[in-house]
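The values are calculated or read from the model by the stated rules, or taken from the named source; none is laboratory data. Because the structure is predicted, anything quoted here is derived from the model rather than measured. Neighbour counts run over all protein chains shown; Cβ positions are idealised from the backbone, glycine included. When the accessible area is computed, the model is the full protein with side chains, heavy atoms only, and any ligands, DNA or RNA have been set aside. Shrake-Rupley method; radii C 1.70, N 1.55, O 1.52, S 1.80 Å.
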Amino acid sequence: MKIVTTIEELRDQLRGQLRTAFVPTMGNLHEGHLSLMRLARRHGDPVVASIFVNRLQFGPNEDFDKYPRTFQADVEKLEKEGVYVLFAPTEKDLYPEPQEYRVQPPNDLGNILEGEFRPGFFTGVTTVVLKLFSCVQPKVAVFGKKDYQQLMIVRNMSRQFALPTEIIAAETYRADDGLALSSRNRYLSSDERAEAPQLFQTLNAVAQEVRSGHLNMFELERDAMAQLDKRGWKPDYVAVRKRIDLQPPSAGDLAEGVPLVALCAAKLGVTRLIDNLEI
């Protein structure tokens with residue numbers, strides 16, 4: 001595996017490659033990330049991964065400085081997966097001057113759910129993803145469904161800008177007890193780790209209610225948040241939305257059986273976890 005840090009080195013390495021498959025990451029890699037590398041290999045060649053902790057998507061009170069950085073361990077994992085190039089730029093490499101041009105997602109998608117509780121987050125995400133796509137120029141790029149809203153926003157951005165990159169969605173990789181793998185899981189204490197699967201169980205309970213005909217979404221969401229609160233969580237949201245645009249379903253949508261997704265975010269101790277489940 002070749003490790004490059006500058007855009008010029010990356011372009012030199014990939015010159016003439018027409019089927020590049022790309023997986024952008026912020027490092028601290030776990031089995032979920034590695035599953036993305038395997039999926040990428042099925043859709044293109046060579047596989048390129050990036051590791052870059054993007055300051056633009058962190059709010060002023062978020063954990064940019066504390067975000068776990070495990071570069072050497074990440075390199076060893078990527079080598080075992082047969083990744084061809086690892087692009088690992090410094091901030092100066094990727095942002096040699098202040099990144100004053102930003103990509104702004106539409107308010108009705110970028111400012112709801114995660115966007116409501118993390119203002120500016122998706123502007124940071126779309127800006128760095130567009131820049132990474134410009135650097136790598138991939139034929140396909142793989143994103144996990146765990147970050148459901150992010151996946152949708154990146155997919156819409158790629159389509160609206162007519163980027164020559166197909167966005168591939170990877171199913172959420174879970175531990176045996178159902179907890180979605182996340183780099184932030186390492187912040188959980190042993191007791192919190194034992195409680196953490198409750199988030200997915202809550203989504204499953206909501207989904208089961210919807211499937212059984214309980215279609216009062218406000219009531220379902222309120223009760224699910226109350227249950228999490230009773231167990232010591234601090235929920236930001238539990239929401240049932242239409243998959244197509246993440247807007248609340250109307251009575252007509254529900255009558256027509258429009259595909260839905262349940263999404264949630266909640267803090268357990270100091271750790272904020274997100275998850276979702278298609279219904």
Which residue pairs have Cβ atoms under 8 Å apart, sit 6 or more places apart or on different chains, and have a first residue in the stretch 1-28 that is more than 21 Å from L181 (Cβ to Cβ) and a second that is assigned to a strand (DSSP E or B) and open to solvent by 30 Å² or more (accessible area, probe 1.4 Å)? Q13/K2
Mind telling me which of the residues Q160, Q137 ends up being without any contact (Cβ under 8 Å) to a residue 12 or more places away in the chain and under 27 Å from G44 (Cα atoms)? Q160
Could you say which residue among D191, D275, D223, D229 is open to solvent by 20 Å² or more (accessible area, probe 1.4 Å), in contact with a helix residue (DSSP H, G or I) (Cβ under 9 Å, 6 or more places away or on another chain), modelled with pLDDT of 95 or more and not polar (S, T, N, Q)? D223
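Specify which of the listed residues (G124, G82) is of a type outside the set (A, V, I, L, M, F, W, C) and under 16 Å from the mean Cα position of the chain (by Cα).
Working: G82 fails: under 16 Å from the mean Cα position of the chain (by Cα).
Within the list G124, G82, the selection yields G124.
Kindly indicate the residue of the stretch 64-90 that is assigned to a loop (DSSP other than H, G, I, E, B) and free of Cβ contacts under 8 Å to residues at least 12 places away in the same chain and also most open to solvent (accessible area, probe 1.4 Å) among those meeting that condition. Steps first, answer last, please.
First, pick out the residues of the stretch 64-90 that are assigned to a loop (DSSP other than H, G, I, E, B): 64-70, 81-84, 88-90.
Among the residues that remain, those that are also free of Cβ contacts under 8 Å to residues at least 12 places away in the same chain are: 64-66.
Details: F64: 24, D65: 131, K66: 165 Å².
Checked the stretch 64-90; the qualifying residue most open to solvent (accessible area, probe 1.4 Å) is K66.
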The stretch 194-214 - residue that is within 21 Å of V258 (Cβ to Cβ) and in contact with a strand residue (DSSP E or B) (Cβ under 7 Å, 6 or more places away or on another chain) and, of those, most open to solvent (accessible area, probe 1.4 Å): N204
Residue that is nearest to the chain's Cα centre (by Cα), among those in the stretch 151-175 that are within 14 Å of F122 (Cβ to Cβ) and among the hydrophobic types (A, V, I, L, M, F, W, C): L151
Identity of the residue in the stretch 241-266, open to solvent by 50 Å² or more (accessible area, probe 1.4 Å) and more than 16 Å from D147 (Cα to Cα), that ends up nearest to the chain's Cα centre (by Cα): Q247
Count - residues of the stretch 91-149 that are of a type in the set (D, E), crowded, with 18+ Cβ neighbours inside 10 Å and over 26 Å from E278 (Cβ atoms): 1
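Look through Q137, Q104 and report the one residue that is over 27 Å from M37 (Cβ atoms) and over 15 Å from the mean Cα position of the chain (by Cα). Break it down into steps so the answer makes sense when it comes.
Details: Q137 fails: over 27 Å from M37 (Cβ atoms).
Result: Q104 is the single residue among Q137, Q104 that is over 27 Å from M37 (Cβ atoms) and over 15 Å from the mean Cα position of the chain (by Cα).
So how many residues does the stretch 196-219 have that are outside any helix (DSSP H, G or I) and over 20 Å from the mean Cα position of the chain (by Cα)?
In the first step, residues of the stretch 196-219 are kept if they are outside any helix (DSSP H, G or I); the result is 196-197, 212-216.
Checking which are over 20 Å from the mean Cα position of the chain (by Cα) leaves us with 212-216.
Within the stretch 196-219, residues that are outside any helix (DSSP H, G or I) and over 20 Å from the mean Cα position of the chain (by Cα) number 5.
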Checking A169 against (1) assigned to a helix (DSSP H, G or I); (2) in contact with a Gly (Cβ under 9 Å, 6 or more places away or on another chain); (3) small (G, A, S), the condition it does not meet: (1)
